1. Considering only residues that are touching an Asp or Glu at 6+ places or on another chain (Cβ under 8 Å) and more than 21 Å from A1051 (Cα to Cα), look in region 1120-1158 and name the one that is surrounded by the most Cβ atoms within 10 Å (Cβ to Cβ).
2. Could you grab me the full set of residues in region 692-721 that are without any contact (Cβ under 8 Å) to a residue 40 or more places away in the chain and either touching a helix residue (DSSP H, G or I) at 6+ places or on another chain (Cβ under 7 Å) or surrounded by fewer than 14 Cβ atoms within 10 Å (Cβ to Cβ) (or both)?
3. Which residue out of N830, N866, N881 is closer than 20 Å to T561 by Cα, not assigned by TED's automatic domain parsing to the domain that holds T488 and not aliphatic (A, V, I, L, M)?
4. Mind checking which strands (runs of 3 or more DSSP E) fall wholly inside region 608-700 and carry at least 2 residues that are among the acidic types (D, E)?
5. Of the residues Y371, Y322, Y297, Y332, which single one is assigned to a loop (DSSP other than H, G, I, E, B), at pLDDT 90 or above and under 24 Å from I462 (Cβ atoms)?
6. Can you tell me which residue is modelled with the lowest pLDDT among those in region 1115-1158 that are over 30 Å from A723 (Cβ atoms) and assigned to a loop (DSSP other than H, G, I, E, B)?
7. Can you name every residue in region 253-266 that is closer than 22 Å to D173 by Cα, surrounded by fewer than 22 Cβ atoms within 10 Å (Cβ to Cβ) and either among the aliphatic types (A, V, I, L, M) or in contact with a strand residue (DSSP E or B) (Cβ under 8 Å, 6 or more places away or on another chain) (or both)?
8. Does N1083 satisfy the condition of being closer than 29 Å to R768 by Cα, modelled with pLDDT of 70 or more and part of a loop (DSSP other than H, G, I, E, B)?
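The values are calculated or read from the model by the stated rules, or taken from the named source; none is laboratory data. All figures in this text were calculated on a predicted structure; none of them were measured in a lab. We place every Cβ from the backbone using ideal geometry, glycine too, and count neighbours over all the protein chains shown.
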Amino acid sequence: MKAKLLTLMCCMLITFGLSAQYNFPSCWTPWTANANGWPQGTQVSHKSGNWQAKWSTIAEPGSNGDWTLVSKCGDGGIGPDYTGAQKVIGYLPYWVPDFDFVNYDYGNVTHINIAFNLFKQNNNNYNSADFASIEWGAFHNRKVDSLLFDLGVLAKAHAKGTKVSVAIGGATDFAFLWLMQRYYNDDAKLEQIATFITNYVNTKGIDGVDLDLECWWPDATIAGTTEQGGRVRGDKWGGPDAGPHPAGTGLAKLAQKLRAKMPTKILSAAVFGTSYYGNNYDDALAQYLDYIGLMTYDFTGSWNTSPVGPHASLYKVPLGTYQGQSADNPIYSAEDALEYWMGMAPAAWNHDGGFNVPKAKLCIGVPFYGYDMATRKPNNANGFMAPKWKEIVAEFPNAATSYDPADTRQLGGYVGANGKKIYFETPKGAAEKIKYTKRFGHQGLIIWELTGDVDYNSSSSILKAIKNANTDNPLPVVNLTAPANNATFTPGANVNITATATDNGSVTKVEFFQGTTKLGEDLTSPYSFAWNNVAAGTYQLTAKATDNQNASATSSIVRITVGNAAPTAAITTPANNSSISTGTTVTITATATDSDGTISKVEFFTGTTKLGEDTSSPYTFAWTPTAGSYQLTAKATDNGGATGTSSIINVSVGNAAPITSITSPANNATFAANSTIAITASATDSDGTISKVEFFQGTTKLGEDTSSPYTFSWANVAVGNYALTAKATDNGGAVTTSAIVNISVTAACTAPEWNAQSQYNGNAEVARNGNRYQAKWWTQGQDPLLNSGPDDVWRLLGPCGPGGNISPTATITSPTNNASFTAPASITINATASDTDGTIAKVEFFQGSTKLGEDTSSPYSYTWANVAAGTYTFTAKSTDNGGATGTSSIISITVSPAGNQLPNVSITAPANNATFTAPASVAITASATDTDGTISKVEFFQGATKLGEDTSSPYSYTWTGVTAGTYSLTAKATDNVGGTKTSAAVSITISGGGDNCVTVAQYIENGGYVAGSIVKNAGNRYECKPHPYTGWCNGAAWAYAPGVGAHWSDAWTLVGSCTSGARQSVSEEVALTDDDGMSMYPNPGKSNSSSFNLTFSADPGPLNIELKDINGRRIIARQGAKATKNVIAVETPTLSPGVYLIRVQGEHKAWLRKYLVQ
């Protein structure tokens, strides 16, 4: 930092200099040391600046406050322009599960930074002596490797000429900060860290590393972390420079050592653009790096008291343009940040002008996300919601050209609708940034982050706009004008495809494609192609334009369906432009028709947010909106998968609705037959009075009460299950319906009550908690409440008494699991269904959660026609004459692209049933061929666990250190177009080898295990857990086989290895007990409770929480939930007694728990 007191003249000169491409006036006479001193008013030049003495002085200009910097001079000390090709550097995070890493075109950027690898954090006390280690955190390292190698990002990028670095650090790597802060003055430790990183780069074959040192803030989960922003590096009053943060000094020294060890590798850093955190860095860092990426986004939006305005402006934003701007924080744009990092910024309260980084080293940032300044982050998190660009475009299709009214250049984006106020980068704004960096001599752009963009071929793609602006020959622009997207045609139709294409030169041809198959081309405008006699199927059409310099661009995809007319949908209530009282429950009603089939479902939306769906007519959804303006639509899906969306219905929500709940009876209460049940409810209204409360059983009104206390007596209630609700109406006509209270009216149970001491043989029946259960095999001490899942000893038959109804069963008999088909496929799904106490009313067939169709008579089947390439999961759901249901196991199938013959693969060694001695080294070899292409890889599996892969023949993998046990090996071949096939399984046995489990029984499925039973399996010894977990020891092997089942740790405790001298180990991610980092309270829970707490030993990051019943039906699903002080309360609907499964996915770990409700 430089000491300077900038006058108004200085500010004006700097401003004018910047607007003239960093041109500065000539330098005055150079300063030299003068023992006699320089008199007041002397004008000299020094270190690329023109200075004037305030008074007589012998000091060096810039060393104290004796001189005024009038202006930069000469080249301003910012160096020459960057003369290479502009860089487009995209960050690629590993934690985005819905992104297609495999098929992404990595050639659209020049550099990729995989985000992030983190140093290992050992504990949650930042002040401890061993908070971090000089090694990678295992989880992050595996995830980065998965992107680089399993998903092939490194090879795919290199094939396109794109460089690949791994970004180290990020916003959660407190270990990196600790290492730099602790060892900034320890040369030996910095040498050790530099050697560790260098070995990593060379071993992985990557092109370099990006140093992303952040975490300058406190973390509630890590003791000793503090706010470290606001460091003072001089000031506008001539104050002293505190120097860089120790960690900033450590980072510069580390970069120096890395450059010495890796002179030809890419070294870069991402740093804050603003001085609040930017002052922590040491600008000596720049001399060792290829480039510095300025994070010129989050100027607004990332904290609670943020100004309301754009968060990534390129050009300066005058103070007063937006609410909340402050002269104390003058950096609101990339221009401001560049001035600060080049040492040309007006001095402020915490710096005297900035750093001394040459302009040719700097890149500026482009965010593929925005900030919704109307919506705070949930759970009291700091800042506002940050939707990705693709999410913004999905909700607001015209976002790319929706500009901020306050932006006179029309570069920044803004939308204010659906209760939102979103500021974002536009394609035009991003294009201007790459032009700016080229024009002013900087290196280019960094992008956070690539998964946020829309499809590259879309006209709204930000990345495509950048690439087009970064070329001397912009790509042509091409769009399909006909047919319309989602158009439908009858089989054998003639489809006329037309396109428009423009270019700054001339368009030489337009080619038309269906998928990757070229249909034809046209050399002159208007561009068209007649595709005749088109067979039934679903197609993806594109047009590709080529210009006179051979540059080409492809249009967005237009999807058409031949053979299935799209359905129509219309919302009938509420009416367009309706006004609704706040808190009112509105029934949205829609009609839907299909001219050539049936309607499978109607979904209801507000904007792009799905509210719910209905699968049978009349199609309705009960919606209780908060105050605001909404746009409602209904989307109908027919039996062939075609969809049609209704016109928009606009509604506004006003008067607050009343609040009501049933206070008696309790949820899941039971009564004897012919009882009189007293139903009571409470009802209040915040802005009026209650006019009446009505009581309902299902949709049947039982009665009403017009005064408090609100009650109704329901007499002589017959055996059955009932759903009670109360509906309150206020004086303004607003209506609210209470939550459902379920009750059961039963006759006496004829089966004996279950007794923990009694022994029960297979088929024995017992009563427990008002339900009947049947034993599948011999059992003792296994509570039916805890052991009635699909793989447990007890089967739930139904409630006691004559009103009971046993659920039916369903099984898919074909296709078989993992069957393969070729697109467009016609797949016949066959199922069997039975009911022990009644008849089957229907069997429904589902792909995922989408209903395909149903059959009401045996044999039950459904044929799914014209199935496109992809991977699908089928289930069959049977319904009996009493309304009870049962769902089959999932069947997975694969449909390969048309014309692609699947590869053939088989394991050639070892032989089936081969035996080895532990610890074994097993050489697995496979043969693989493809009749119409090539083999891209062969993967080797033990069960569902991947062991490794080979991409060239002969295909082999050596599995080492294999412990005693029985294993099932398979090989999976993938061809050049993605078709896959799995070999027949080969079974091998590993035995002996100093086995210390000779006297221990081998685990077998359903072995009659009790608490404390000891078994051996897969080379280890296990102990069956005590009650209430014992029942799962006898569960299905795929789920509970010790050490290898999907949920084995719910039933078994790992005791040790069967191999003499072997180390005891537990997989890092297997949850054995609550000591694995998450506890749950209360468990067991009560049936009248509606929440439970999850407590974590460390910050788990964003949480995805899913609760299912024992039959796999989803009860709740929460995405992106946030724990507060490591605790999160999970709200549930009122749950019936029984066993539930909860799965929690954190940022770095997953947990699975069983939840007992009594």
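1. A1123
2. G698, T699, T700, K701, G703, T706, S707, S708, P709, S713, A715
3. On the way: N830 fails: closer than 20 Å to T561 by Cα; N881 fails: closer than 20 Å to T561 by Cα.
Of N830, N866, N881, the one residue that is closer than 20 Å to T561 by Cα, not assigned by TED's automatic domain parsing to the domain that holds T488 and not aliphatic (A, V, I, L, M) is N866.
4. Numbers: elements: 609-614, 619-623, 628-638, 643-645, 649-653, 659-664, 669-672, 675-684, 690-697.
Filter on region 608-700 gives 609-614.
5. Y297
6. Across region 1115-1158, the extreme among qualifying residues is H1148.
7. Result: I266, single match.
8. On the way: closer than 29 Å to R768 by Cα: yes; modelled with pLDDT of 70 or more: yes; part of a loop (DSSP other than H, G, I, E, B): yes.
It is true that N1083 is closer than 29 Å to R768 by Cα, modelled with pLDDT of 70 or more and part of a loop (DSSP other than H, G, I, E, B).
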